[in-house]
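Down below is the structure, laid out as structure tokens.
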Amino acid sequence: MAALKAKHPKKAEPKKPKILISGSPGVGKTWGALDFPGVYYIDCEGGASLDHYTDKLEASGGMYLGPADGANDMQVVLGEVKALATTKHSYRTLVIDSYSKLYNSAIAIEYDRLEKSGREMDKTFGAEKKPAIAKTKQMVTWFDKLDMNVILICHQKDLWKGGEMVGVTYDGWDK
């Protein structure tokens, strides 16, 4: 018979936070995320390659992966997350900025692929989202294996219900 694995609740180790930050442009989402310790920064948009961002990232001992390095490719980003989870390193915070750009780029790539394949788009409603969702699900699973803070920065978008705008939400996978 196997031994029970549960332990006293006071011996349970707290997990590092997994945070989604969403807001309108210019409110300081990126700037604030760079204040976290030991940032491994995945810049899907290329905007944080400006001097004031790179200076802040360098001062904190962070590292930068930009669009030229594959930051817009879901497979590359997933590979980086897996590597961070399985290798020894000194980074303490993973920032993906913006997850909205990464997610929507994956959808656009699949849409183009489906369109070129000749499949009728109206008969495969939502098919263009499937690869982006699958990669996101994998990333979320790997986030739980990371002994790091995780920050997903998202764009803001309008929230609609019954044909009316009822507020704002984040732009990305809605789960």
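Just give me the residues in the range 120-130 being open to solvent by 50 Å² or more (accessible area, probe 1.4 Å), modelled with pLDDT of 65 or more and part of a loop (DSSP other than H, G, I, E, B), in sequence order. Passing the criteria: only Phe125.
So which of Ile133, Ile96, Ile151 is under 24 Å from Pro17 (Cβ atoms), open to solvent by less than 80 Å² (accessible area, probe 1.4 Å), modelled with pLDDT under 95 and under 13 Å from the mean Cα position of the chain (by Cα)? Steps first, answer last, please.
Details: Ile96 fails: modelled with pLDDT under 95; Ile151 fails: modelled with pLDDT under 95.
Just a single option satisfies the conditions, and that option is Ile133.
Condition check ((1) polar (S, T, N, Q); (2) open to solvent by less than 100 Å² (accessible area, probe 1.4 Å); (3) more than 21 Å from the chain's Cα centre (by Cα)) across all residues:
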{"position": "Glu13", "(1), (2), (3)": "no, no, yes"}
{"position": "Ser24", "(1), (2), (3)": "yes, yes, no"}
{"position": "Thr30", "(1), (2), (3)": "yes, yes, no"}
{"position": "Ile42", "(1), (2), (3)": "no, yes, no"}
{"position": "Ser49", "(1), (2), (3)": "yes, yes, no"}
{"position": "Gly66", "(1), (2), (3)": "no, yes, no"}
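In the range 1-33, which residue that is touching a residue at least 60 places away in the same chain (Cβ under 8 Å) and part of a helix (DSSP H, G or I) is farthest from Tyr170 (Cα to Cα)? Restricting to residues being touching a residue at least 60 places away in the same chain (Cβ under 8 Å) and part of a helix (DSSP H, G or I), the top hit is Ala33. Which one is nearest to Thr93 (Cα to Cα), of the residues in the range 137-175 that are assigned to a helix (DSSP H, G or I) and polar (S, T, N, Q)? Ranking the qualifying residues of the range 137-175, first place goes to Thr141. The requirement of being touching a residue at least 60 places away in the same chain (Cβ under 8 Å), on the phi < 0 side of the Ramachandran plot and not β-branched (Val, Ile, Thr) is fulfilled somewhere in the range 76-83, by at least one residue.
In the range 84-105, is there at least one residue being in contact with a Pro (Cβ under 7 Å, 6 or more places away or on another chain) and of a type outside the set (Val, Ile, Thr)? Outline the logic, then answer.
To start, the set of residues in the range 84-105 that are in contact with a Pro (Cβ under 7 Å, 6 or more places away or on another chain) comprises 92-93.
Now restrict to residues that are of a type outside the set (Val, Ile, Thr): 92.
Scanning the range 84-105, I find at least one residue that is in contact with a Pro (Cβ under 7 Å, 6 or more places away or on another chain) and of a type outside the set (Val, Ile, Thr), so the answer is yes.
The values are calculated or read from the model by the stated rules, or taken from the named source; none is laboratory data. Everything numeric in this text was worked out from a predicted model, so none of it was measured. Ideal geometry is used to build each Cβ from the backbone, glycine not excepted, and the neighbour counts take in all protein chains shown. Only protein heavy atoms, including side chains, enter the accessible area calculation; ligands, DNA and RNA are left aside. Shrake-Rupley method; radii C 1.70, N 1.55, O 1.52, S 1.80 Å.
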